[in-house]
Every structure is written in structure tokens, then in C-alpha cells.
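Visitor: There's a structure below that I have some questions on.
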Amino acid sequence: MLDKIGLSGVLGILLVVAGVAVVAWKAPVVAAGLTAILLGVALVARGAIQSVMGMFGM
């Protein structure tokens with residue numbers, strides 16, 4: 001995984017997970033909503049990237 005997203009990507013994922021964990025400690029329902037939002041944004045970004053790569057023939 002490190003060769004695909006790099007060290008900064010791994011650190012970013014760890015920060016996101018830590019942030020959601022801190023929120024979940026105080027407000028589990030809010031943390032569930034944040035997790036749903038983050039997953040949705042990730043899916044939209046993945047679709048957009050695949051679409052752009054398809055336009056370039058990759």
C-alpha cells in the first residue's frame with residue numbers, strides 16, 4: 001500500500017482514523033455520520049479519478 005499512496009497518504013489515513021476515534025469517544029452518532037461522509041467523498045473521488053483516467057485511455 002505504501003508504494004501506491006506514499007508515506008503522506010498513509011499518515012493522512014491515520015490522522016483521519018484518529019480524528020474519527022476522538023469524535024467517537026465523545027459522540028458516537030456524530031462519528032458515524034462523519035464516517036459515512038468520508039466514505040461517500042472517497043467513493044465520489046474514486047469515480048471521478050476513474051472517469052478521468054478513462055478519458056485518457058488508461
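The values are calculated or read from the model by the stated rules, or taken from the named source; none is laboratory data. This one's a predicted model, so the numbers in the text were calculated from it and none came from an experiment. In this analysis, Cβ positions are derived from the backbone assuming ideal geometry, glycine residues included, and neighbour counts consider all displayed protein chains.
Visitor: When both residues are 6+ apart or on different chains and their Cβ atoms are under 6 Å apart, which pairs have a first residue that lies in the stretch 32-58 and is of a type in the set (S, T, N, Q) and assigned to a helix (DSSP H, G or I), and a second that is at pLDDT 85 or above and surrounded by 10 or more Cβ atoms within 10 Å (Cβ to Cβ)?
Guide: Cβ pairs passing all conditions: T35/V20.
Visitor: Scan A21, A36 and give me the residue that is modelled with pLDDT of 85 or more, surrounded by 10 or more Cβ atoms within 10 Å (Cβ to Cβ) and more than 14 Å from the chain's Cα centre (by Cα). Reasoning before the result, please.
Guide: Working: A36 fails: more than 14 Å from the chain's Cα centre (by Cα).
Just a single option satisfies the conditions, and that option is A21.
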